[in-house]
Amino acid sequence: MIPSQMLKGVLEGCILEVIRKQETYAYEISKQLEDYGFGMISVGTIYPIILRLQKSELVKATLQDSNSGPKRKYYQLTEKGVTTLNQFKANWQELDRAVNQLLIGGGKNE
Amino acid sequence: MNKLAKELLKKNNTREKVISDDNQEIYTNMIVYLRGSDLTEYNQEVVREDMIELILDGQQRGDNIQKVMGGRYKEICDEIIEAIPKKTNKDKVMEYLGTSLNSIWILGVIALVKNLVMNFISDDAAFQFVLTVGDVLTILAIIFMANFIVWHITKTAFQSENNKKVGSFLKEWIVISVAFAIILLGNIYLKTIIVSIPLWVAAIIVMFIFVISKVINDKV
């Protein structure tokens, strides 16, 4: 299981990517993250992050009927959200390269 | 409370009835905690609406509130509060004014009834509205006590009865006892009259405060 402190910094970007793939709702985001190997991330953890993303105008919500029961809030990326997601991806690649170089490939001086 | 917030409150009151008994306690604690936050009444209702739908969605899947929220209730509430725009200074002033005027007109009606009864009982039926120093202290003590009780309930929403410390109980009882002492002693000893006006004038003033409080509370 990935420690929550480690997840904290990347979860916003990952949620943006899940929403980019398909307009979706809180529980579905939690399920998808679990399927990708993030472990069990509750809806209660995802909801405040979505609120932050909405406040920053990176995602917008629409109420839609669900097949079973109450209406659900579906989230989609805004243009600003797409730009932020691309920035996140670039930052992640840089971090990924640096951490891998340190842990696997050795430091630049080796 | 403004019209939009009132409509949402009404809708939420109906929707939350579907929340199962097992989920009810934790849901209520979370809402009580959010009520004590710096969020506007409208934003509190928006969050409440979302939470109700998340819980009901979970119930449909057979998940209880523990599974839906992940068990970190207070932390989640703090994160929610952090993520939503807070009350502006203007919002705070208007809300404070609205609540104060509300308290004043309610206590004003009580004082009017008290004075009316006293006038009927006494031989000198001058139908005067008399306010003593003790009465004013009583009003202030009641407003302070009401605010303290609400503040205390919201801040201890996630504390179980077993977790309450002895010091906390002592503090609560000291505050409540002091407020009661002010009310009792004020009424017995502080009889200096600061207001003495005809009852009908006092009734008009109370009605005026009532109207102003309604106007302000509809805008908050």
Any chance the stretch A:48-55 includes a residue that's of a type in the set (Val, Ile, Thr), facing another protein chain (nearest Cβ under 9 Å), within 14 Å of A:Tyr74 (Cβ to Cβ) and open to solvent by less than 50 Å² (accessible area, probe 1.4 Å)?
yes
Exactly one of A:Val59, A:Val43 is open to solvent by less than 30 Å² (accessible area, probe 1.4 Å), β-branched (Val, Ile, Thr) and more than 9 Å from chain B (Cβ to nearest Cβ), and that one is A:Val59
Scan the stretch B:191-198 and give yes if some residue there is open to solvent by less than 60 Å² (accessible area, probe 1.4 Å), modelled with pLDDT of 85 or more and not β-branched (Val, Ile, Thr), otherwise no.
yes
* Asked: Quick check: anything in the stretch A:63-70 within 14 Å of chain B (Cβ to nearest Cβ) and open to solvent by less than 10 Å² (accessible area, probe 1.4 Å)?
  -> no
In the stretch B:1-48, anything of a type in the set (Asp, Glu) and open to solvent by less than 30 Å² (accessible area, probe 1.4 Å) is listed as B:Glu45
In the stretch B:42-96, anything among the polar types (S, T, N, Q) and closer than 20 Å to B:Thr156 by Cβ is listed as B:Gln44
For the stretch B:74-86 the number of residues that are buried (at least 18 other Cβ atoms within 10 Å of the Cβ) and more than 8 Å from chain A (Cβ to nearest Cβ) is 2
Log entry, pairs with first residue in the stretch B:52-64 being part of a helix (DSSP H, G or I), second being basic (Lys, Arg), beta carbons closer than 8 Å, six or more apart or on different chains, reads B:Ile52/B:Arg15; B:Glu53/A:Lys71; B:Glu53/A:Arg72; B:Glu53/A:Lys73; B:Glu53/B:Arg15; B:Leu56/B:Arg15; B:Asp57/A:Arg72; B:Gly58/B:Lys67
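Here's the yes/no breakdown for (1) more than 14 Å from every other protein chain (Cβ to nearest Cβ); (2) in contact with a helix residue (DSSP H, G or I) (Cβ under 7 Å, 6 or more places away or on another chain); (3) buried (at least 17 other Cβ atoms within 10 Å of the Cβ):
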site: B:Met51; (1), (2), (3): no, yes, yes
site: B:Leu56; (1), (2), (3): no, yes, yes
site: B:Lys67; (1), (2), (3): no, yes, no
site: B:Asn89; (1), (2), (3): yes, no, no
site: B:Thr99; (1), (2), (3): yes, no, yes
site: B:Leu107; (1), (2), (3): yes, yes, yes
site: B:Phe120; (1), (2), (3): yes, no, no
site: B:Phe129; (1), (2), (3): yes, yes, yes
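The values are calculated or read from the model by the stated rules, or taken from the named source; none is laboratory data. Just so we're clear, the structure is a prediction, and the values are computed from it rather than from any experiment. Note: ideal-geometry Cβ built from the backbone for every residue, glycine included; neighbour counts use all protein chains shown. Ligands, DNA and RNA are stripped out before the accessible areas are found, and what is left, the full protein with its side chains, is counted by its heavy atoms. Shrake-Rupley method; radii C 1.70, N 1.55, O 1.52, S 1.80 Å.
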